[in-house]
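Below is one structure, written out as structure tokens; the observations come after it.
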Amino acid sequence: MHQDSSGHELDIQDDELVIEAGQTDYHYWRDLWRYRELFFFLVWRDISVRYKQTVIGVGWSVIRPVLIMLVFTFVFGRLAKFPSDGVPYPILVFAAMLPWQLFSGAFTDAGNSLIGNTNMVSKVYFPRIIIPSSSIIVCLVDFMIALLILLCLMIWYDFYPNWRILALPVFTVYCVMTVFAASVWIAALNVKYRDFRYVIPFVVQIGMYISPVGFSSNVVPEQWRLLYS
């Protein structure tokens with residue numbers, strides 16, 4: 001039995017491990033499967049620590065998107081009076097914001113994950129890709145919780161989606177795979193070039209304002225819609 005930095009015991013066998021260069025993809029995936037318990041432990045650790053010593057706790061995963069929804073609804077729906085194509089504006093904003101928050105949160109957390117786990121990376125061998133992957137899963141949990149709030153909003157406004165809602169699981173998987181590919185590169189670059197710790201939040205903030213999160217995509221000029229889509 002071994003203990004991590006927080007005192008938790010990990011059931012890791014004392015087998016001799018030889019690290020060889022030039023291994024095939026098969027060996028890499030075999031190592032990922034071998035360290036699956038570490039992956040689940042990191043996910044559980046990140047979920048436990050995420051809202052530790054906070055009064056509201058996991059409620060922050062609901063409060064943050066709700067507050068942003070209220071601000072965007074007031075600014076774009078009431079002041080700017082952007083069209084919503086018959087959809088209640090809070091639902092339009094919340095539905096558009098959820099995938100963006102999944103992407104931006106996972107991109108930020110996974111991009112900084114290797115730096116945040118320097119002690120573990122420098123002392124123990126395991127497939128490094130486990131660390132950013134666990135950060136993405138934590139953000140996916142927040143996404144699922146916020147998805148329940150969207151369902152409650154739809155019931156409150158007596159609004160029911162059309163058949164396109166069936167594509168939600170496919171879109172979610174696509175979003176997770178996209179942010180995984182991007183964050184793995186950023187996490188590796190962040191280890192060597194610490195400037196990326198400032199670039200990541202800047203890119204996320206700019207992306208939120210230029211993407212159709214607070215307004216309908218019909219507001220975007222037709223020649224730009226392909227890029228936005």
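No lab work stands behind these numbers, since they all come straight from the coordinates. All of these numbers come straight from a predicted model, not from anything done at the bench. Glycine gets a Cβ as well: all are built from the backbone with ideal geometry, and neighbour counts include every protein chain shown.
Think of the chain as a dipole: +1 on every Lys or Arg Cβ, -1 on every Asp or Glu Cβ, centred on the Cα centre; then among V176, V204, G116, V204 lies furthest on the positive end. For R36 and A80, a Förster radius of 41 Å and the Cβ-Cβ distance give a FRET efficiency of 0.25, rounded to the nearest 0.05.
Once the C-beta distance of I145 and L189 is scaled by a Förster radius of 35 Å, the resulting FRET efficiency is 0.70 to the nearest 0.05.
Pairwise alpha-carbon distances in region 54-228 exceed 25 Å for 40% of all pairs. The Kirkwood radius of region 102-187, taken over pairs of alpha-carbon atoms, gives through the Stokes-Einstein law at 4 °C and 1.567 mPa s a diffusion coefficient of 90 µm² s⁻¹.
Under a Gaussian network description of the chain, with springs only between Cα atoms under 10 Å, the residue in A188, A96, A167 that fluctuates furthest is A167.
For the chain, the relative contact order is 27 percent, taking Cα pairs closer than 8 Å that sit 6 or more residues apart in sequence and dividing their mean separation by the residue count.
Farthest toward the positive end of the dipole of the chain, out of G57, A80, Q223, is the Cα of A80, where the dipole comes from beta carbon charges about the Cα centre.
Spin-label model, Y198 to V121: label points 7 Å out along the Cα-to-beta-carbon direction sit 2.0 nm apart. Just tell me, in residue order, which DSSP H segments of the chain are both 15 angstrom or longer along the helix axis (alpha-carbon based) and at least 0.0 in mean Kyte-Doolittle hydropathy. Both cut-offs are met by 36-50, 60-72, 89-111, 130-156, 168-192, 196-210.
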